[in-house]
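Engineer: My questions will all concern the structure given below.
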Amino acid sequence: MTSRLRVLEFFAGMGGWRRAFGARAVIAAAYDISPPALATYARIWGERPIARELATLPASEILRHGADTWVMSPPCQPFCRMGNRQDLEDPRSRAFLRLMELLGEHPPEHLVLESVEGFLGSGAHALLTDRLREAGFRALEYTLDPQDFGLPNQRPRVFVVASRGPLAARALPGLPPAPLRGFLDPVEDPGLYLGEAMRHRPGLDLVTADSARTACFIGGYGRRYVGSGSFLETERGVRRFSVAEAARLLGWDPVPAFPEEVGLEGRYKLLGNGLSIPVAAWVAGHLG
């Protein structure tokens with residue numbers, strides 16, 4: 001029987017990578033500093049991540065966990081079209097820079113990174129590529145969209161999967177996206193209808209239950225309208241997708257349980273900043 005990977009989950013959020021790896025891995029430790037993420041991860045997985053700023057992470061702590069695999073989804077704002085595009089000059093890149101230092105000093109056997117499309121060609125991308133090459137990694141890069149995995153959700157993301165052992169590319173599943181109807185709550189929440197916010201209708205991305213696509217849900221979906229994700233048009237009017245519906249569209253099955261102290265906006269933010277689980281699971285499959 002193949003032994004399970006021993007994983008360090010950086011920028012853990014609500015544990016998307018943990019869900020994606022499933023039985024392939026044991027999580028040696030997870031890291032995050034966001035209180036909603038810490039509480040939600042603990043609620044879902046029964047273990048609280050380590051609340052530590054990664055920019056100051058000592059090598060001794062990394063080595064103590066005895067992990068052979070690093071997974072990470074660093075902050076995307078330095079690279080995304082709605083961010084400031086300051087790349088490695090962005091203060092939110094400090095944690096990534098520290099991890100790159102540690103990667104050069106104490107490389108694991110495997111590494112997986114997820115980011116937005118703007119990561120490609122960035123200084124951060126060049127730095128990661130250099131560190132992986134110097135440490136003797138083989139690496140594959142993909143730009144993947146959940147729509148090719150059967151989900152009616154547009155969420156193109158860059159994935160880098162690297163290993164110091166054998167690594168072979170995999171064929172995409174190429175599944176057509178299913179209709180939205182199968183992802184909707186059996187009983188809708190009337191509080192999700194926009195009401196006075198219908199003034200934003202001309203700029204909204206509108207879909208129906210028969211549609212086979214939704215726009216990418218971002219972390220600000222709970223408070224923004226235009227450019228934040230799709231809205232559902234029904235006979236009654238136009239409404240947001242519920243948290244549970246957004247979770248299903250990201251491949252969370254079953255839908256995760258959130259702690260009471262994490263409000264509606266916080267739940268949308270965690271999902272919007274998270275992973276498409278079937279896509280991440282396909283990437284994780286490169287490592288056995």
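Engineer: Of all the residues that make up segment 131-147, how many are touching a residue at least 24 places away in the same chain (Cβ under 8 Å), assigned to a strand (DSSP E or B) and under 30 Å from CYS216 (Cα atoms)?
Structural biologist: Result for segment 131-147: 5.
Engineer: Here is a further query. Can you confirm whether LEU128 is outside any loop (DSSP other than H, G, I, E, B) and either farther than 24 Å from LEU271 by Cα or not assigned by TED's automatic domain parsing to the domain that holds CYS216 (or both)?
Structural biologist: yes
Engineer: Any residue at all in segment 212-227 that's farther than 22 Å from ALA39 by Cα and free of Cβ contacts under 8 Å to residues at least 12 places away in the same chain?
Structural biologist: yes
Engineer: I've got another one for you. Output the residue which, of all residues in segment 35-74 that are free of Cβ contacts under 8 Å to residues at least 40 places away in the same chain and outside any helix (DSSP H, G or I), is farthest from ALA124 (Cα to Cα).
Structural biologist: Per the stated criteria, the residue is GLY46.
Engineer: Inspect segment 208-231 for any residue being modelled with pLDDT of 95 or more and within 30 Å of HIS110 (Cβ to Cβ) and give the result as yes or no.
Structural biologist: Checked against the condition, which is being modelled with pLDDT of 95 or more and within 30 Å of HIS110 (Cβ to Cβ), segment 208-231 yields at least one hit.
Engineer: Based on what the data block shows, is ALA28 in the same structural domain as HIS125 (by TED's automatic domain parsing) and either surrounded by fewer than 17 Cβ atoms within 10 Å (Cβ to Cβ) or in contact with a strand residue (DSSP E or B) (Cβ under 7 Å, 6 or more places away or on another chain) (or both)?
Structural biologist: yes
Engineer: Give me the residue from segment 49-76 that is within 26 Å of VAL279 (Cβ to Cβ) and in contact with an Asp or Glu (Cβ under 7 Å, 6 or more places away or on another chain) and, out of that set, surrounded by the fewest Cβ atoms within 10 Å (Cβ to Cβ).
Structural biologist: Across segment 49-76, the extreme among qualifying residues is ASP68.
Engineer: Run GLN77 past the list (1) touching a Pro at 6+ places or on another chain (Cβ under 8 Å); (2) of a type in the set (S, T, N, Q); (3) not in a helix (DSSP H, G or I) and report the number of the one that doesn't hold.
Structural biologist: (1) is the only condition that GLN77 fails.
The values are calculated or read from the model by the stated rules, or taken from the named source; none is laboratory data. Note that this is a predicted model, so its numbers are computed, not measured. Glycine also receives a Cβ, built like all others from the backbone with ideal geometry; neighbour counts cover every protein chain displayed.
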